[in-house]
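To start, the structure under review is shown below, and the notes come after it.
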Amino acid sequence: MPDSEKKKTIDEGQPAQKAAVEKGEPTIDKKYHLLESDKAREIIERAMNLAREEIPKGAVATYIPELGKEDPHQLGICLYPLKGEKICLGEYNVRFTMQSVSKVIMLIVALEVCGLKNVFRKVGMEPSGEAFDSLVELDVSDSKPYNPLINSGALAVCGLLLPEVSFQDMLRYTRNVCSDAGIELNEAVFDSEMKTCSRNRSIAYLLESKGIITTDVEDTLRFYTKMCSMNVTAESLANLGKKLANDGVCTIDGKRYMSSRTARIAKTLMLTCGMYDGSGAFAIKVGIPTKSGVGGGLLSVSDKRAGIGVFGPALDAQGNSIAGCKLLREISNELRLNLFYDPEWDREEEDDDNVMTSIKERSVM
Ligand code: GLN
């Protein structure tokens, strides 16, 4: 291929990059390279300020009464690049319950212990477009939960896990994969949810009626709810995200925490289903595989680049951290973390009018 046809890399002096350098704007030098840590920290600080403005538009979850006690004004982030220093800001080390973020861990363990075929015999791989605790699909004969990252799917996965592993095994694995020995079961949140989980109980019994759950329903529900009630921090989520970003291997101890296939499936489902009925819009606006939880946690994986953990308990209508989503959107734009980021991306084209003009000018319409 003649040199002139080679896709230009950022090192070869992109016009957009050159302009950015001249304007003193951030640049990246290699495809997977993040900014120098102090520049990235400045960018994240700015993004935090913007994100905080969203907090009044959200509210903490109250359907689990204990979560309603959380201070909605908290916001913390930990970004842990594969190469470079960990960046921690705000309430990054405050403990909160993992809630649905734990569905990623349930999925990982189920894929590793029970195998892919057994898992996807019980649950699908499709986004649901429904609320996280929906049970509409379960009333259709021959149907199964849409995917493992919504309540029905995770309960089905728990039914598979229960004969194989104990909650203590899951807690140990969670501590290891999150590199956080301080993770414990939050008994108050667990008790609070067990008293108010009629919807999940209904889902679990419906799954039993369809032969998807064959374990004791109440034990399965308790196992699921305990998984949701593990106390993590934004930093522990970043540690997990970093292992996922690095294909399941820890860059520090060199150990493999899950197979490459498992890491890939987890990341793919996070991208397509991780934000419930907000998954499509989030993929367009942010473009980073992410899993949310109603405790306000977000686990994000910028593949080959970084693990990111966020904590912001004020939620939007879908049950995703309202400030956390804004924060990730800003960071994705500024640090070029979008999965489809291309150094040749012309940010002018983000503007609707410009896109519509340019397609006409290119004579392709
Ligand atoms: N424990 C919560 C529930 O089952 C988790 C939901 C969530 O985080 N979206 O309702």
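Dipole of region 37-334 (Lys/Arg Cβ +1, Asp/Glu Cβ -1, origin at the Cα centre): which of 37, 161, 179 lies farthest to the positive side? Selected residue: 37. Using the Cα coordinates of region 37-334, the gyration tensor eigenvalues translate into equivalent-ellipsoid semi-axes of 28, 21, 18 Å, sorted from longest to shortest. The H on the amide N of residue 297, modeled in the peptide plane, is under 5 Å from the matching H of 312, each at least 5 residues off or on a different chain.
Between residue 126 and residue 353, the C-beta separation translates, for a Förster distance of 35 Å, into a calculated FRET efficiency of about 0.50. Note on the chain: GNM, Cα springs under 10 Å; of 297, 278, 312, the largest mean-square fluctuation is that of 278. Scaling the Cα radius of gyration of region 43-130 by the globular reference 2.2 N^0.38 Å produces a ratio of 1.46. Charge dipole (Cα centre; +1 on Lys/Arg Cβ, -1 on Asp/Glu Cβ; no other charges) of region 119-182 amounts to roughly 300 debye.
Within the listed set 185, 315, 337, the Gaussian network model of the chain (springs between alpha-carbon atoms below 10 Å) gives the highest mean-square fluctuation for 185. Toward the positive end of the charge dipole of the chain, with +1 on the Cβ of Lys and Arg and -1 on the Cβ of Asp and Glu, the farthest Cα among 132, 146, 211 is that of 211. 3J(HN,Hα) along region 294-310, derived from phi through the Karplus expression 6.51 cos²θ - 1.76 cosθ + 1.60 where θ = phi - 60°, amounts to 6, x, x, x, 9, 10, 10, 10, 8, 4, 6, 10, 7, x, 10, x, 10 Hz, with x in place of Gly and Pro. Exposure proxy for 125, 270, 365, 170: other Cβ atoms within 10 Å of each Cβ, ordered fewest to most, give 365, 125, 170, 270.
If you rank 122, 86 by fewest surrounding Cβ atoms within 10 Å, what's the result? Walk me through the numbers on the way to the answer.
Numbers: 122 22, 86 16.
Least to most surrounded, the residues fall as 86, 122.
If only the Cβ of Lys and Arg carry +1 and only the Cβ of Asp and Glu carry -1, the dipole of the chain around its Cα centre is close to 980 debye. Taking other C-beta atoms within 10 Å as the exposure proxy, 184, 70, 193 rank 184, 70, 193 from fewest upward. Remark: region 260-271, residue by residue, has Karplus-estimated 3J(HN,Hα) of 4, 4, 4, 4, 5, 5, 4, 5, 5, 5, 4, 5 Hz, where x stands for each Gly or Pro and the curve is 6.51 cos²θ - 1.76 cosθ + 1.60 at θ = phi - 60°. Computed over neighbours whose Cβ is under 10 Å from that of residue 270, the net charge equals +3, Lys and Arg +1, Asp and Glu -1.
What is the local net charge at residue 62, summed over the other residues whose Cβ is closer than 13 Å to its Cβ (Lys, Arg +1; Asp, Glu -1)? Once positives and negatives cancel, what remains is -2. Using C-alpha pairs under 8 Å with a sequence gap of at least 6, the mean separation divided by the residue count of region 120-275 gives a relative contact order of 25 percent.
Working note: 222 nm ellipticity from helices only, DSSP H runs with n ≥ 4, each -39,500 (n - 2.57), summed and divided by the residues of the chain, gives -13000 deg cm²/dmol to the nearest 500.
Read-outs: derived from the displayed coordinates by stated rules, not from any lab. The model shown is predicted, which means the values in this text are computed figures rather than measured ones. Backbone-built Cβ (ideal geometry, glycine too); neighbour counts: all protein chains shown.
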